[in-house]
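Colleague: Got a structure here, written out as structure tokens. Questions coming.
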Amino acid sequence: MKKHKEILRLHHECGCSMRQIAGVLQVSVGTVHNVLTQARRAKLSWPFEFLQFDSP
């Protein structure tokens, strides 16, 4: 889940391309594409203020 969150953060906050995100996170471009597509279909926005994935 952390990589999904980081993909969204890099895309929205930093404006990184899918290829740049894939390189930084060491995942495939297809994975980045799938995460961004799923987020768009789910109408998720950034930042996730209401979700606390990393909280204890």
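Colleague: With the requirement that a residue be in a loop (DSSP other than H, G, I, E, B) and buried (at least 17 other Cβ atoms within 10 Å of the Cβ), what does segment 6-26 give you?
Modeller: The first filter runs over segment 6-26 and keeps only residues in a loop (DSSP other than H, G, I, E, B), leaving 15-17, 26.
Hit for segment 6-26 is Cys16, nothing else.
Colleague: Could you give every pair whose Cβ atoms fall below 7 Å, whose first residue belongs to segment 37-56 and is modelled with pLDDT under 65, and whose second residue is surrounded by 11 or more Cβ atoms within 10 Å (Cβ to Cβ), counting only separations of at least 6 or pairs across chains?
Modeller: Phe53/Lys5
The values are calculated or read from the model by the stated rules, or taken from the named source; none is laboratory data. Quick caveat: nothing in here was measured; it's all calculated off a predicted structure. Counting neighbours? That spans all protein chains shown, and the Cβs are built from the backbone with ideal geometry, glycine included.
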